[in-house]
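Each remark here refers to the structure printed beneath this line.
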Amino acid sequence: SQFSQYRNKHGAFAHVQAAEAVSVPVKSHLPSREEQILALQTTDEFDVLVIGGGATGCGCALDAVTRGLKTALVERDDFSSGTSSRSTKLIHGGVRYLQKAIMKLDLEQYRMVKEALEERANLLEIAPHLSAPLPIMLPVYKWWQLPYYWLGIKLYDMVAGSQCLKSSYVLSKSRALELFPMLRKDKLVAAIVYYDGQHNDARMNLAIALTAARYGAATANYAEVLRLLKRTDPAGGKERVCGVRCRDVLTGQEFDVKAKCVINATGPFTDSVRKMDDQEVPNICQPSAGVHIVMPGYYSPDHMGLLDPATSDGRVIFFLPWEKMTIAGTTDSPTDVTSHPIPTEEDINFILNEVRNYLSVDVEVRRGDVLAAWSGIRPLVTDPNSKDTQSISRNHVVTISDSGLVTIAGGKWTTYRAMAQDALDAAVQAHSLRAGSSRTISLQLEGAEDWSPTLYIRLVQDYGLESEVAQHLASTYGDKAYEVAKIAQVTGKRWPIVGKRLVSEFPYIEAEVVYGVREYARTAVDMISRRTRLAFLNVQAAEEALPRIVDIMGKELNWSEQKKKEELEAAKKFLYYEMGYKVKTDQLTDSSEISLLPSDIERYEKRFHMFDKDKKGFITILDVQRVLESIGVQIAENTLHEILNEVDLNKNGQVELNEFLQLMSAIQKGHVSGSRLAVLMKTAEENLRQRVLISVDRSGGGG
């Protein structure tokens, strides 16, 4: 592709140039969080203090520290805990923004797309382990749309110029269906494929933060800004911002951090920090909520996404493979600013209906196949009087208040580096800081330096890791994967030799929890959502992994039994509300309607009574164990507890006939999938009939 030629020609040289341009030495040892907090407390005065640990805030810290400025960053939650971990996972210029730019002859939108495409190429270059080009298919269902969409996509390629990842192309109907077999066949006339980038957003954000820390920035998560510090300027008599009053959220300790310049990079919370500076300042941020859902990987091909350019209400929906799952989203609706956005059933069903419109009728799109769902708040910059969030550009603005507070707001994930550069250029000028120009173009991020596409083979050969686990470690940690492999536990099996998985169907291993603590993870939520991405991929699997994660973190961080219990509950609450577990469990409640045919009811009653021999009207763990023993299947008692608890709606320790019928009805409607009890009972029934041993897996329909 053009991009690989461009990369081969310019890549290595650019990396060397970028590294040589930075005069600050790189630390081989990553400072601990305690060392970082101490640096914040004991440094007399920083040149730059950044508030906010999202992509833009961490980008500002990296830009500042590589210019030779004494830099600090504070984040009240975890790095990437807000919008930066809840994106569509695309690194893109924005096809729809280019469309708006052309239709409205909007030069500002055009410049934004061009800048984003330049940043896309840079981001793929500086973190190749975390990002890759992704082909995206745009299905065409009317002949007249083909030249219209083709021209738009070709213009997108042209704007990218030499940094075009690969030229777009047209596919015939048959070829499109060959590449995307689950696509709706009727009325399809052709398809267009174009290329954008995809990345692991939370890990990318963390890589930026860790790179800044290695260059010497004092970066601390769980450090909340309570208020801005001000002093009177002796020259002009004006009040100037000179630092912040901070609180270590984990210990409750308060301290001052002094700085010549304070940068507000708090995304949706931009206005709350601006109001710390001046209560009368008008809002510049109008937040918009975007919901995404995750479905099993079989809903999309492994290496091709889908773009729905015109949904029923005019939004754009992406349908993308990610981490061997499928992401669908996003919605776009005005919202209130909150630290804990919650996905709604209405938004989930909107996305599912749009997906149904594009997929073949042979593919049953089931509500029960939504494995996780989340809502992210986009910090759109707007006129406070505007009501339509979709007409707002995601371009960024840099403002400097009378007291010297620098605010960077708006923009998008892809342009974080350019936003940081603009913010620092403005800060250097406004505060007369002694610094040169930005050094971050082509500057490689944590894990990129010695990464190669074949690094995972070395991990398999040198450490005895499973191939899937090795690939995951290489694509998550880059050249730091060796450090994770070194602390991986011996399994005691013939193969794999090392690497105990946290859950069977995902390649995350226990050693990552130990390493995650070194990467500043301090809560179980940090671990399941941002160091690993389990919470974003499957909420049930994340819940299953939690007790072991809490145990390992407890050892590393010296947690008491009470603290471990609190962490477990906090993480379960996070999964329940913020990651869609609540809306998933709401699909099966004790008030769920039973809509089954009489013949189905009779069939399911017979199945139930095979377990309920005494005609009690309910089944217990003992009943299930008795039947399983008769067919030679053994399942641990605690696992059986979990299996029954999924269906025990009134939580009385037993499953009544009515609860079982509610479950089977929900499965038939597609509201519930992957019920272990349903699969287990169906398997047992077939075994008792045929006396053939069939293994039970956690997934499956169980009809």
Where residue 522 falls short, out of the listed (1) open to solvent by less than 10 Å² (accessible area, probe 1.4 Å); (2) within 30 Å of residue 408 (Cα to Cα): (1)
Among residues of the range 444-488, those that are over 20 Å from residue 199 (Cβ atoms) and of a type in the set (Phe, Trp, Tyr), counted: 2
Search result, residues across the range 484-499 that are crowded, with 20+ Cβ neighbours inside 10 Å and either outside the structural domain of residue 463 (by the TED database) or not β-branched (Val, Ile, Thr) (or both): 485, 488, 496, 499
Residues that are open to solvent by 20 Å² or more (accessible area, probe 1.4 Å), under 23 Å from residue 267 (Cβ atoms) and either assigned to a loop (DSSP other than H, G, I, E, B) or among the acidic types (Asp, Glu) (or both), drawn from the range 84-122: 87, 88, 92, 108, 115, 118
Scope the range 29-46; condition touching a residue at least 12 places away in the same chain (Cβ under 8 Å) and over 21 Å from residue 248 (Cα atoms); matching residues: none
Qualifying residue in the range 225-233 (condition: among the acidic types (Asp, Glu) and not assigned by the TED database to the domain that holds residue 405): no
Residue match in the range 427-436 (condition: under 26 Å from residue 115 (Cα atoms) and at pLDDT below 95): yes
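Condition test on residue 473, is it crowded, with 24+ Cβ neighbours inside 10 Å, under 24 Å from residue 132 (Cβ atoms), in contact (Cβ under 8 Å) with a residue 12 or more places away in the chain and hydrophobic (A, V, I, L, M, F, W, C)?
On the way: crowded, with 24+ Cβ neighbours inside 10 Å: yes; under 24 Å from residue 132 (Cβ atoms): yes; in contact (Cβ under 8 Å) with a residue 12 or more places away in the chain: yes; hydrophobic (A, V, I, L, M, F, W, C): yes.
Yes; evaluated as a whole, the condition is true for this residue.
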Search result, residues across the range 564-590 that are within 19 Å of residue 518 (Cα to Cα) and more than 22 Å from the chain's Cα centre (by Cα): 564
First in the range 658-670 and open to solvent by 10 Å² or more (accessible area, probe 1.4 Å), second anywhere and in a helix (DSSP H, G or I) and aliphatic (A, V, I, L, M), Cβ under 9 Å, 6 or more apart: 661/601; 667/678
One residue from 630, 695, 673 being surrounded by fewer than 20 Cβ atoms within 10 Å (Cβ to Cβ) and at pLDDT below 80: 695
Pairs where the first residue, in the range 552-563, is open to solvent by 100 Å² or more (accessible area, probe 1.4 Å) and the second is part of a helix (DSSP H, G or I) and not β-branched (Val, Ile, Thr), C-beta under 9 Å, 6+ apart: 561/554
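Has the range 57-76 got any residue that is among the acidic types (Asp, Glu), assigned to a loop (DSSP other than H, G, I, E, B) and surrounded by fewer than 24 Cβ atoms within 10 Å (Cβ to Cβ)?
Filtering the range 57-76 for residues among the acidic types (Asp, Glu) gives 63, 75.
Adding the requirement that they be assigned to a loop (DSSP other than H, G, I, E, B) leaves 75.
Those left that are additionally surrounded by fewer than 24 Cβ atoms within 10 Å (Cβ to Cβ): none.
Taking every residue of the range 57-76 in turn, none turns out to be among the acidic types (Asp, Glu), assigned to a loop (DSSP other than H, G, I, E, B) and surrounded by fewer than 24 Cβ atoms within 10 Å (Cβ to Cβ).
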Check on residue 415, of a type in the set (Val, Ile, Thr) and closer than 23 Å to residue 27 by Cβ: no
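Residue under question is residue 362, and the condition is that it be open to solvent by 10 Å² or more (accessible area, probe 1.4 Å), among the charged types (D, E, K, R) and either touching an Asp or Glu at 6+ places or on another chain (Cβ under 7 Å) or assigned to a loop (DSSP other than H, G, I, E, B) (or both); does it hold?
Yes; evaluated as a whole, the condition is true for this residue.
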Hey, residue 252 in contact with a helix residue (DSSP H, G or I) (Cβ under 7 Å, 6 or more places away or on another chain), open to solvent by less than 50 Å² (accessible area, probe 1.4 Å) and at positive phi or not: no
Tally of residues being among the hydrophobic types (A, V, I, L, M, F, W, C) and without any contact (Cβ under 8 Å) to a residue 60 or more places away in the chain across the range 74-133: 7
Residues of the range 576-613 classified as at pLDDT below 85, under 15 Å from residue 293 (Cβ atoms) and either small (Gly, Ala, Ser) or in contact with a Phe, Trp or Tyr (Cβ under 6 Å, 6 or more places away or on another chain) (or both), total: 1
Number of the condition not met by residue 466 [criteria: (1) open to solvent by less than 40 Å² (accessible area, probe 1.4 Å); (2) within 30 Å of residue 492 (Cβ to Cβ); (3) touching a residue at least 40 places away in the same chain (Cβ under 8 Å)]: (1)
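The values are calculated or read from the model by the stated rules, or taken from the named source; none is laboratory data. Quantities reported herein were computed from a predicted structural model and do not represent experimental measurements. Counting neighbours? That spans all protein chains shown, and the Cβs are built from the backbone with ideal geometry, glycine included. Ligands, DNA and RNA are stripped out before the accessible areas are found, and what is left, the full protein with its side chains, is counted by its heavy atoms. Shrake-Rupley method; radii C 1.70, N 1.55, O 1.52, S 1.80 Å.
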